[in-house]
Every structure is written in C-alpha cells, then in structure tokens.
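Remarks on the structure that follows.
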Amino acid sequence: MALRAAWTSSAYPSRTTGRTAARSRHRAAEVLAIGRWGFDAATVDDEDKSSSSASSSVELRRVPGAVEEVDESSKKVQRDLSSLPKPLSVTDLSACPSHGSNVRVAYQGVPGAFSEAAALKAYPQCEAVPCDQFEAAFKAVELWLVDKAVLPIENSLGGSIHRNYDLLLRHRLHIVGEVQLAVNHCLLGLPGVRKEELQRVLSHPQALSQCENTLAKLGVIRESVDDTAGAAQFVAANGLRDAGAVASARAAEIYGLNILAEGIQDDSDNITRFLILAREPIIPRTDRPFKTSIVFTLEEGPGVIFKALAVFALREINLTKIESRPQRKRPLRVVDDSNSGSAKYFDYLFYIDFEASMADTRAQNALSHLQEFATFLRVLGCYPMDSA
C-alpha cells in the first residue's frame, strides 16, 4: 500500500550529504506525511467529518467568577476575581490574537490549575490562556488565537485521559513536545474551617480519584467539576463553609483559601504527563532522545496485534505507551465465523508511543512494515522526550 506523501523532502532538511542522505531525507518525508494525512482513512472519515459539527454544538459552562455577598465571617476571604483572565469557550473563538510575538499557550481550566503549571514549565515566559474545555483549547490553536496548547494525556495514578485521545484523532494538530509534572494535591477550605467540618469536596474527577484514600477517611461527598482550580474558585466565590476543594497550593493563594491538608494523593509519586500541541510538526532529530506517537487500526484476525507490535520488537524499538479506544462511528465489526455463523467484535483504534525519532531509519522501516497490514495509520507527532 503506497503512502500518500503530502510533504516534500525539503520540508525536513538533512544535515548530511550524498546519495544516502538524499534517499533517507526523502524516505523520512514520505513516512512523516502519514502524520499530516494518514492513508486509507475510510475507517475514521466519519470521526473527522463530525469534528466541526460536534465542536459547534458544544456549549461550555464558565466557572462562576462574580463575587457574591455572603455572611460576615466569609466576607474577609472574598477576592475580586474580575482581574483573572476569562476562560475561552468555543463560542469565543472568532477573533485573531493581538499579542505580537509573545508565545500564547492554551490550557484547560482557570488560573491555578495544574495544566497552567505545566504550560509555564514548558514555556516559562509564555502567556497562559485558560480555556473552559479541552475542545476549546484544540480549536484555539487551529484558529490561531494561541500558538500552542498543553493538555493532560495520562496520570500515574488515574490512568489515561480518554477525552484527549479522542480529540487527537478528530483534530489535525501535531504533538511537538511533552511535559511531566509532579502533582501535589491539597485540601483547601475557607479560613476558619477545619477539615473535619467538611461535608463535601469538589474537584476534577481525576483529582478525586487520585485522593481516594484521604477522602474516604474524611467521609465526605465527592462532587465533580471541570477542573481543580475551578473548584477552589467556586468555594471561595460562594463562601461555602461546608465544602472543600482538591487543588494546588497556588490555587489556595489565588482564591484566598487555607490549605487544610497537603499531599493528600494516594501515592506521593503522582505524575501527570502533558502533550504540547501545535499547528505544524517539528523537524525530527537524532542528537537527543525523541518519542513518536501514532494511531492505527487493524483488521480482525488471529495474531494481528502481535504482528503490529512485532514490527517494533524486531528493530529493538521500545514502546512506552499502548492505548486502545473504540471507534465511535463503527464500534462493532461483524465477521463471518465458519463454525457458528457471523460474530461481532469491538472495533478499536490503537495508540502507541515509542522511543525513536522519525529521522531514525529504524522508525521509518517499522512504520513501513506496519503499513503493510494496518487499515489506517497516522503519525500524531515526533517530539523530544521530557526526562525531568
């Protein structure tokens, strides 16, 4: 099956000379073209076609930002939140950015979110732009309101963020980097409130699951909201003395809350991995460790997953992540079983991260091999590894 190469070899200039370098440069351009357009994408066309309609129908809810009057004991902790940046929503994405050469990085949440910390770790001098949903961050990059987006993809305790795996396929952005952030969850409450007085705790579902043991001991009701910092903002803005929030220490500082308990996650080694997304890919290199992320589908049959993984094992390429997601538009596949008639199987997309640059001939050969029996293949990005 031939690749549909959309990029020329000049898009990825080589630092070597000679016929061998020219052939390798042309090969890398062909293989990387999969990342822009994929091939034989009939199995996922419906996903891409539904992107615009799905995006336009999303109504995103803004976390309350207006300070309301509460009883005298809570007035002291009220802050004027009007100076904080308003999170972008899908309906806001109509104007062009006006901030010159400053790097604008979108993240999901409000100021004080862990995603904001990840954006600032990746780009310390950036202008961090809050978005109220993951979808809004993707579209902000596509519409040139921001330059990059930093979004969580997996956590060492809570596992994968499936929503962002689905959005990676629906949108044509490229992974250009990754950030690993140590997450230290804190239990926050209004000044004067003790943790034993809390009846409910608000936070993002992932944060709540990562603090399962602590919250179970407190015997509180867990309520899910859009993000951790948004929970802190909501408690402070409404003067909720019976409610706490699981969020960062910076969120406590921003919204005038006290830290009732620190480091309440079930495991002290709590790491979240974030992806950096951009409109254009970066040039793959071999002078530092690179990682490549792909997504593909396979025909039903015995040993097909083994064959797919073998293309990397044969070339001693290490896999760092394997994720499967059902195809939403075609969740079931009907096959003919000669023994018992037709049978139904779930139809999956497979996401794989492996430690190799697309400038490495091993990676090029592995994807060419995989292409021989994959029904769909797309390179999501080739980017430097974050070892910090």
Checklist entry - List pairs: first in the stretch 349-374 and of a type in the set (A, V, I, L, M), second open to solvent by 40 Å² or more (accessible area, probe 1.4 Å) and modelled with pLDDT of 95 or more, Cβ under 7 Å, 6+ apart or cross-chain? => result 352/319; 352/322; 356/362; 366/315
Checklist entry - In this structure, is residue 263 of a type in the set (Gly, Ala, Ser) and either open to solvent by 10 Å² or more (accessible area, probe 1.4 Å) or modelled with pLDDT under 95 (or both)? => result yes
Next on the checklist: Restricting to the stretch 370-384, and then to whatever is touching a Leu at 6+ places or on another chain (Cβ under 8 Å) and not in a strand (DSSP E or B), can you tell me which residue is most open to solvent (accessible area, probe 1.4 Å)?
Outcome noted: 373
Item to check | Wholly enclosed strands (runs of 3 or more DSSP E) of the stretch 317-359 bearing at least 2 residues modelled with pLDDT of 95 or more and open to solvent by 50 Å² or more (accessible area, probe 1.4 Å) | outcome: 319-326
Checklist outcome for this item: Here the residues within the stretch 275-313 that are touching a residue at least 60 places away in the same chain (Cβ under 8 Å), assigned to a loop (DSSP other than H, G, I, E, B) and not acidic (Asp, Glu) are 279, 281, 282, 283, 284, 285, 286, 288, 289
Next on the checklist: Just checking: which of the strands (runs of 3 or more DSSP E) contained wholly in the stretch 124-234 hold 1 or more residues that are open to solvent by less than 20 Å² (accessible area, probe 1.4 Å)?
Outcome noted: 127-131, 148-155, 174-182, 186-189, 200-203
Checklist entry - If you take the residues of the stretch 160-191 that are farther than 20 Å from residue 120 by Cα and of a type in the set (Gly, Ala, Ser), which of them is farthest from the chain's Cα centre (by Cα)? => result 189
Checklist entry - (1) under 25 Å from residue 160 (Cα atoms); (2) at pLDDT 95 or above; (3) open to solvent by less than 50 Å² (accessible area, probe 1.4 Å): which one isn't true of residue 257, the others all being true? => result (1)
Next on the checklist: Can you pull out every residue in the stretch 266-276 that is closer than 14 Å to residue 182 by Cβ and surrounded by 16 or more Cβ atoms within 10 Å (Cβ to Cβ)?
Outcome noted: 270, 272, 273, 274
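The values are calculated or read from the model by the stated rules, or taken from the named source; none is laboratory data. The model shown is predicted, which means the values in this text are computed figures rather than measured ones. As a convention, Cβ positions derive from the backbone with ideal geometry for all residues, glycine included, and neighbour counts pool all protein chains shown. For the accessible areas, the whole protein counts, side chains as well, though only heavy atoms, and no ligand, DNA or RNA atoms are used. Shrake-Rupley method; radii C 1.70, N 1.55, O 1.52, S 1.80 Å.
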